[in-house]
1. Return the residue satisfying two criteria in turn: it lies in the range 1-43 and is of a type in the set (K, R) and loosely packed, with under 13 Cβ neighbours inside 10 Å, and of such residues it is modelled with the lowest pLDDT.
2. Which residues, counting only those in the range 68-126, are among the small types (G, A, S), part of a loop (DSSP other than H, G, I, E, B) and in contact with a Ser or Thr (Cβ under 9 Å, 6 or more places away or on another chain)?
3. Of the residues that sit in the range 124-160 and are of a type in the set (V, I, T) and within 17 Å of K198 (Cα to Cα), which one is surrounded by the fewest Cβ atoms within 10 Å (Cβ to Cβ)?
4. Quick one: what pairs do we get from the range 171-192, first residue farther than 14 Å from F156 by Cα and of a type in the set (G, A, S), second modelled with pLDDT of 85 or more and surrounded by 13 or more Cβ atoms within 10 Å (Cβ to Cβ), C-beta under 6 Å, 6+ apart or different chains?
5. In the range 92-114, which residues are surrounded by 15 or more Cβ atoms within 10 Å (Cβ to Cβ), within 20 Å of V152 (Cα to Cα) and modelled with pLDDT of 90 or more?
6. Any residue in the range 21-45 that's in contact (Cβ under 8 Å) with a residue 24 or more places away in the chain: show its pairings with residues that are of a type in the set (D, E, K, R) and assigned to a strand (DSSP E or B) at Cβ separation under 7 Å, as long as the two are six or more apart or on different chains.
Amino acid sequence: MPKPYTPNDKWSQKAAAEGFRARSVYKLMELDRRFTLLAPGMTVLDLGAAPGSWLQYASRQVGEGGKVIGVDLQAIEEVAPNVSVHRFDITNDKKLEEMLEEEETGFVDLVLSDIAPNTSGVKDIDQWRSVELAHTVLAVAVRHLKKGGFCVIKVFRGGDFDELLRDMKVTGHWRDIRVSKVQASRDRSREVYLVMRKA
């Protein structure tokens with residue numbers, strides 16, 4: 001039987017104590033330790049970035065010489081001088097292209113996405129929506145990620161997950177595809193992270 005949801009669990013308490021906006025920062029920290037995702041001077045695109053804990057951590061890791069760009073439907077409070085935030089739907093290709101032109105980034109070094117669908121309570125529907133969002137992030141990364149750059153996407157495991165993995169492998173866009181579970185995920189969560197490199 002799954003443990004009940006605890007809004008103020010140890011990860012949330014740790015995040016509050018260390019000045020991070022959400023417990024999810026520890027998921028990125030773990031993935032970074034495991035795969036060495038972030039380095040000084042990088043340009044990072046974070047899709048579905050609110051409330052901004054991943055932006056906070058990425059900002060520290062890329063340093064003053066790097067740049068972090070966050071996009072979300074929700075407003076994101078300012079993070080640091082090397083972080084810019086934008087409010088729009090990541091499925092709006094035209095708006096995304098215009099924003100990246102304004103940022104004068106060219107190709108980015110890393111694409112991150114901790115985005116999750118608005119949950120309906122129906123597991124199969126939520127999982128399908130998660131996979132659809134993953135496809136959206138992958139399409140953005142195909143267009144804007146440097147060759148050899150990492151892409152990290154949260155997705156819910158379920159009936160459409162294996163098909164998503166198969167699709168990623170046959171496109172030829174990706175290599176070194178890993179499925180990773182992190183300690184800071186809630187016990188009852190079906191979320192995993194896909195970590196891969198642009199071919």
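1. Across the range 1-43, the extreme among qualifying residues is K3.
2. Matches in the range 68-126: A80, G106, A116.
3. Here the answer is V142.
4. Sorted first by the residue in the range 171-192, then by its partner, the pairs are A184/Y26; A184/K27.
5. Within the range 92-114, L96, L100, V108, D109, L110, V111, L112, S113, D114 qualify.
6. M42/D109; T43/K67; T43/D109; V44/D109
The values are calculated or read from the model by the stated rules, or taken from the named source; none is laboratory data. Just so it is clear, the model here is predicted, and its values are computed rather than measured. Virtual Cβ from ideal backbone geometry, glycine too; neighbours counted across all protein chains shown.
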